[in-house]
Structure formats: structure tokens, C-alpha cells
Amino acid sequence: MISKQAGGRLRGDVCERDPIWDREVETESYEQALARGEAAWEKQFRHLLDDSPFYAGKFREAGVGSAHVRLRDSARLPFTTKEEQKQAIDERPPFGTNLCVSEDRVKRVYQTRGTTGAPSVLALTHADMEMWTAIGTRSYFATGIHDHSSVLTTFGAGPFVAGHTHFVLSRIGSRSVPVAPGDTERVIFGLKAGLADTLLCTPSFAQYLSNRDDGGLSVAHIVTGGEPGGGIPAVRDHIQEELGATVTEVMGIGDIAPSLFGECPHQQGMHFCGSGHVWVELIDPDTREPMEIETGAVGELVYTALTREAMPVVRFVGGDIARIEGTTCECGRTSFRQRVLGRRDDMFIVRGVNVYPTAILAVVGDFRPRVTGRARVIRKGGETSIEPPIPVEVEVTEKHESDPELVVQIENAIHSRLMFRSKVELVVESDFGEAGYKTRLTVRK
């Protein structure tokens, strides 16, 4: 297995290139980052007032008016939600009342998944595309992908923002081997044929491969994204042991940038890589009061776009609950590091305690090889507070479809580690659902 070493390189990486893509920015102090952000925000704030009917109205309603609000005082500004963004598009399709440039300057359009309704669109100017590429390059370079890497990516070219990764790989200069999402046979062929030493995929798909590897797959580095999992020790360690690869993870959010965070080979959480282009806050998920970004803090991530031209957002509530892992790193980067504990939408309450499905994944992973590592919570309607036992479906191989002893063991482990009772149902892989892309951790039935 390729492992981590001093300086943030993957072991075996002997290239002479600086392992930090943009050293000036990625190693700056907090004060320097704030100064850089303030300079960008001063221009952006005026851009919003002059060119965004959506934000001009929001600021007016919030009593902000046209007086400049410093970035360090951004708590005075209203939050923005996904629902508000969707409503703005519905009011003036196709791009909405928050389009801040003329339509002829829109040069690339991505679409959201539209899982709860019609898809929304994300418009980019040439400068926006370059900004996304710049942030993504920092993020993926941080993981250990360099110009000598050969990268097989399962992130499709469109219509979703993950496809922007292809521009990032081109900027880094690595070999790119694109494969369509869900095309498992071509992924296996590419890895067995030695076309790539690095794989980009969801942690669900990496687990799927690790459960089926007969020793023929050749991959040294796996970068996971699209869902939590790559940072869960039970998930990550299994993938590394079975496939002999180092696992790091990346994360983005379509409304801001497809790549915002990248984990270096020290595997201590994902570094924020958007300095100068995006400002990040941490807020209390319940009160929405600002929190200090300091080691051990747990809160919801909020984003403000500092340089985006077409569809910038201010204090966008991303829905990801994260734990701050640190604010320095042996690799030399000085931005904060974080792990996502789960999505706010997936969180449920059991007798006053917040629970995220990722915690259940961590428990279930200990029961390999009888289980595959995938699991999901079954919920009825939109209730947040759930009385135990909590229904949990666990994916198993066919030989363990009927295994009452396994059910009891998993239920006991959940009760012991998470302090609530569960009702576990074993589901075979053929019935659990496709593992080629994202796995929903909460399903409402």
C-alpha cells in the first residue's frame, strides 16, 4: 500500500514539484486570508447590489441597505437557502433573479439533480469556470494527484458539476482516463490493464470494488467524493486493506464550487482550498449563531462566494455538518481541516440526541465480510425525532441474507456504541440498489 510520508506526499512520489499547488495562498495566515477575502468581498458586495435583484432585495429586507458590510461582520447579512435559490430561478427562468451578468456572458451551464423537483441550473462565466478550476486544482493536488498520476475518474462530464473535475485534471497535467458513472466493467478493465494508478469515485463504489477484488485490480491511490464515507475509519481502512491503496477524500458543493476541500496524504481531514474565492463560516445547526472555526468544533458549514460573477451566493447554508479536525497540518497548509459527519437532512433525533447515519456506517463496517459496508436508515415522512427501535437496512452478500445471529450482533453493537435500539433488516446486494454512484444514507418509505 502507498502510504503517507513527511511533506504531504504519497510514499513513492519522488517528483521534484512542490507538493502544494499554490503555496502563497495555501500557507498564508488567517490574517492574510481575511485581508485577501475582504479585498475580494468589497468588489463583490457592490456587484450584488448593482446587478442582483435577488440580493438587493434580501439586503434591503434585512435592513442592511447599501452601506458596505465587511466580511468579518458577515453575520449581519441574511442566510441564503437552496429553496430561495430555486424560487429565484422559478421567478425568472432559466437563470433567475440572481443572474448578475447578461445572458450572453453565460458560457457553461450545469444542472442540479432535482431529487425533490425539477432540476435547477448553475450558470458560469469564463471567469467562473477558471475560478472553479483554480480551487479544484488546489483540492485534488492536495490529495496527492500530480502531473505524473494516471487518473481513472467515474465522475461524468455532465450535466452535474462533478464533471468539472476533467478540467482540473487537465490543469494538473495528469493522465485522465474517463469512465461513465456506473460502468463497473470498464473501471475494472482499466485498473486491471494498468491504465491508471489513481481512481476517483464515491466511497460506495470503492467499497463495491473492494468487496469483489480477486487480487487483479491495480490501484495505488483512491480519492473519494460525492458522499461521506472516505473519512470513516471503518470504511477507509477496509478499502485500503482490500485494494492496497491509500484513500483520501475531496468535497465540494454545486452552488459554490464542485471542489472546495481536499485531504492530503496525512489523512487527517480535508483542507479548505478555496481561500480568496470563497469565505466559510461555521454556525450552530440549531440556533444559527456563528461558531469559532477551531479544533473540535462541530457545526454547519456556510459559504459566501467572493469572486463568482454569474450566480454568486451569500451565506449559503450548505446543509453539511462538519467537525473541525485542526487548523494546521504537517503538510504545510494552514487552512482548517474538517470531516463531514453527515447531512442536516439526514440527521435525526433519538431521545434528545442528534444522530447521523454515518455513525451507523461506522458500526456496520466492523461486520465485514458478512456485510458489504453499506447501510441506510428508514424513516417515515418528514419527522426528525424518532422513537427507537430505529429501522436500519444493512446490505449483505447472498450467503448472509438469512442470518439472525448477524442481526442481533449488529443491533447490539449499535446499542452499545450509539446508545439507542435499532431494528436491523438484512438486504441482499441485488435488492439494495446500485452502488455505482451515491448511496442515500436515509430513505423515506
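No other residue among GLY373, GLY365, GLY381 is under 27 Å from the mean Cα position of the chain (by Cα) and part of a loop (DSSP other than H, G, I, E, B) apart from GLY381.
Scanning the stretch 343-362 for residues that are more than 25 Å from the chain's Cα centre (by Cα) and of a type in the set (D, E, K, R) gives a single hit, ARG351.
The stretch 12-72 holds helices (runs of 4 or more DSSP H) entirely within its bounds, and those carrying 1 or more residues that are closer than 15 Å to CYS100 by Cβ map to 30-51, 53-61. So which residues in the stretch 73-91 are assigned to a helix (DSSP H, G or I), hydrophobic (A, V, I, L, M, F, W, C) and in contact with a Phe, Trp or Tyr (Cβ under 8 Å, 6 or more places away or on another chain), if there are any at all? Of everything in the stretch 73-91, those that are assigned to a helix (DSSP H, G or I), hydrophobic (A, V, I, L, M, F, W, C) and in contact with a Phe, Trp or Tyr (Cβ under 8 Å, 6 or more places away or on another chain) turn out to be ALA88, ILE89. Screening VAL161, VAL168, VAL179, VAL187 for residues that are of a type outside the set (S, T, N, Q), buried (at least 22 other Cβ atoms within 10 Å of the Cβ) and farther than 27 Å from VAL109 by Cα leaves exactly one candidate, VAL187.
For the stretch 120-154: of the residues being in a loop (DSSP other than H, G, I, E, B) and out of contact with any Gly (no Cβ under 6 Å at 6 or more places or on another chain), which is farthest from ARG9 (Cα to Cα)? If we take residues in the stretch 120-154 being in a loop (DSSP other than H, G, I, E, B) and out of contact with any Gly (no Cβ under 6 Å at 6 or more places or on another chain), then SER120 is farthest from ARG9 (Cα to Cα). Annotation note: of THR143, THR125, THR137, THR133, the sole residue that is out of contact with any helix residue (DSSP H, G or I) (no Cβ under 6 Å at 6 or more places or on another chain) and of a type in the set (Ser, Thr, Tyr) is THR143. Of all the listed residues (LYS399, LYS423, LYS380), the sole one being under 29 Å from PRO181 (Cβ atoms) and surrounded by fewer than 16 Cβ atoms within 10 Å (Cβ to Cβ) is LYS399. The condition of being in contact with a strand residue (DSSP E or B) (Cβ under 8 Å, 6 or more places away or on another chain) and assigned to a helix (DSSP H, G or I) does not hold for GLN267.
With respect to (1) without any contact (Cβ under 8 Å) to a residue 40 or more places away in the chain; (2) closer than 18 Å to GLU309 by Cα, the lone exception for ARG72 is condition (2).
Does the stretch 7-16 contain at least one residue that is over 24 Å from PRO290 (Cα atoms), out of contact with any Phe, Trp or Tyr (no Cβ under 8 Å at 6 or more places or on another chain) and among the acidic types (Asp, Glu)? Within the stretch 7-16 (the criterion being over 24 Å from PRO290 (Cα atoms), out of contact with any Phe, Trp or Tyr (no Cβ under 8 Å at 6 or more places or on another chain) and among the acidic types (Asp, Glu)), the answer is yes, since at least one residue qualifies. Return a yes/no flag: does the stretch 239-253 have any residue that is part of a loop (DSSP other than H, G, I, E, B), outside the structural domain of THR372 (by TED's automatic domain parsing), touching a Lys or Arg at 6+ places or on another chain (Cβ under 9 Å) and at pLDDT 90 or above. Scanning the stretch 239-253, I find no residue that is part of a loop (DSSP other than H, G, I, E, B), outside the structural domain of THR372 (by TED's automatic domain parsing), touching a Lys or Arg at 6+ places or on another chain (Cβ under 9 Å) and at pLDDT 90 or above, so the answer is no. Quick check: anything in the stretch 373-387 more than 30 Å from LYS86 (Cα to Cα), β-branched (Val, Ile, Thr), outside the structural domain of SER204 (by TED's automatic domain parsing) and touching a strand residue (DSSP E or B) at 6+ places or on another chain (Cβ under 7 Å)? Scanning the stretch 373-387, I find no residue that is more than 30 Å from LYS86 (Cα to Cα), β-branched (Val, Ile, Thr), outside the structural domain of SER204 (by TED's automatic domain parsing) and touching a strand residue (DSSP E or B) at 6+ places or on another chain (Cβ under 7 Å), so the answer is no.
Which one is modelled with the highest pLDDT among residues in the stretch 404-436 that are hydrophobic (A, V, I, L, M, F, W, C) and more than 30 Å from CYS201 (Cα to Cα)?
So in the stretch 404-436, the residues hydrophobic (A, V, I, L, M, F, W, C) come out as 406-408, 410, 413-414, 418-420, 424, 426-428, 432, 435.
Then keep just the ones that are more than 30 Å from CYS201 (Cα to Cα); that gives 408, 419-420.
Working: VAL408: 97, MET419: 92, PHE420: 94.
In this case the residue turns out to be VAL408.
The rows are residues; the columns are (1) farther than 18 Å from PRO312 by Cβ; (2) modelled with pLDDT under 95; (3) surrounded by 15 or more Cβ atoms within 10 Å (Cβ to Cβ).
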position: ALA6; (1), (2), (3): yes, yes, no
position: GLU26; (1), (2), (3): yes, no, yes
position: TYR30; (1), (2), (3): yes, no, no
position: ARG36; (1), (2), (3): no, no, yes
position: ALA39; (1), (2), (3): no, no, no
position: GLU83; (1), (2), (3): no, yes, no
position: GLY96; (1), (2), (3): no, no, yes
position: LEU99; (1), (2), (3): no, no, yes
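Mind checking whether some residue in the stretch 11-23 is touching a Lys or Arg at 6+ places or on another chain (Cβ under 8 Å) and closer than 27 Å to VAL313 by Cβ? Yes, that holds for at least one residue.
The values are calculated or read from the model by the stated rules, or taken from the named source; none is laboratory data. Here the structure is a predicted model, which means the values were calculated and not measured. Every residue, glycine among them, receives a Cβ derived from its backbone with ideal geometry; neighbour counts consider all protein chains shown.
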